[in-house]
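The block underneath contains the structure these notes are about, expressed in structure tokens.
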Amino acid sequence: TLIKLAESSLDENQVQEFKDVNSEIKLCTCVPSIVTKDDYGVLGVVNPQKSSKILSKLAKQISFFVSEDWEKNQIKNVFSNYVSPEIIEMMLKNEDKDYLKTKKREITVLFSDIRGFTKMAEKHPPEKIVEMLNEHLNIMTEIILKNKGMVDKFIGDAIMAVWGVPVYQESQAYRAVKAAWEMQEAQRKLEKKYSKEGISFTVGIGINTGEAIVGNVGSKLKMDYTVVGDVVNTASRLCSAAGSRKVIISEDTFRDVGKSVQTVKLDPIAVKNKSRPLQVYDVLGLN
């Protein structure tokens, strides 16, 4: 019985009082308590008598600090693998926002994909492919985080990154394009390195800007902080259309970056599930 009461208090993340639980427990006060990220439990008092008022006040004080630590630990646990430490610090300072709550927001999405990865994997030992892929993903992740982006997920040899979440920042579209340009520069160095071992691989990148649903998405068994919407699908399609060593951006991203980026207007491209061709731009450099 006590274990169930403690679990209820942990689930609710707040002080709870249980009255007339059974013939032996007339009153039980439970307070969630966190020691470290991995060590937590419940402080409980059963059948208090004269000291019940003191315990109640103590419980409220403990609850204030526990709830604050609990929320901070949640943010650190969820976002430590997605964003840079600087972004996490910004989130911890802004206590008024519930970052895990699902909401609509304008974002910029980047997809990066290795060209011909399947054929390349067939020609070379798996150990070498994994070594190459890990080095590629590590370098690209560092560039994304440095430019204040969020690494949403790895999809095989592809990378999905997002700007504008979990913390909104000015010039998010420009940060995404700047990251893409730096990713291609870093990739060229990797190409030279692995060409000596007979491995040739290039990358295409697509970027799109628009509204999406942002927040924790998933099932009771597994939840992920991610973004969902047509803006994501379109960014993925642009990535597929991008040639080797190219960065392709949409009309919406182009409007946001303005004259900060050197581009050339390309012919509109047909995209799956879109009634009209999309106007796209090839990034030539940064101003």
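Observations on the structure shown:
- Note on segment 90-232: Cα-Cα pairs beyond 18 Å make up 59% of the total pair count.
- Reciprocal mean inverse distance between Cα atoms of segment 85-131 - Kirkwood radius, Å: 15.2 Å
- Pairs from LYS104/LYS272; LYS104/LYS189; LYS128/LYS246; LYS93/LYS259 whose Cα-Cα separation, in the structure shown, is over 31 Å: LYS104/LYS189; LYS93/LYS259
- Overall Cα dimensions of segment 205-287 - principal axes, largest extent first, Å: 46, 30, 23
- Principal semi-axes of the equivalent ellipsoid, √(5λ) from the alpha carbon gyration tensor of segment 111-162, are 23, 11, 7 Å from largest down.
- Distance cut-off 14 Å, percentage of C-alpha pairs in segment 172-251 lying past it: 69 percent
- Fully extended contour minus Cα-Cα distance, from GLU251 to VAL217, at 0.36 nm per residue: 9.4 nm
- If R0 equals 45 Å, the separation of the Cβ atoms of GLU24 and ASP98 corresponds to a calculated FRET efficiency of about 0.70.
- The gain in end-to-end length when the LYS192 to HIS124 segment is fully stretched comes to 22.8 nm, 0.36 nm per residue minus the alpha carbon separation.
- Percent of Cα pairs in segment 126-200 per distance bin of 5 Å, from zero to the largest separation: 3, 15, 26, 22, 16, 10, 5, 3, 1.
- Across segment 136-287, Cα pairs under 8 Å and at least six residues apart give a relative contact order of 19 percent.
- For peptides 4-17, 119-132, sequence by mean Cβ density within 10 Å, most packed first: 4-17, 119-132
- Ordering of 210-217, 199-206, 184-191 by burial proxy (mean other Cβ atoms within 10 Å per residue, highest first): 199-206, 210-217, 184-191
All of the numbers you see were taken from the coordinates with simple rules; none came from a lab. Since the structure is predicted, the reported quantities are computational estimates derived from the model, not experimental observations. For neighbour counting, all protein chains shown are included, and Cβ atoms are generated from backbone atoms with ideal geometry for every residue, glycine included.
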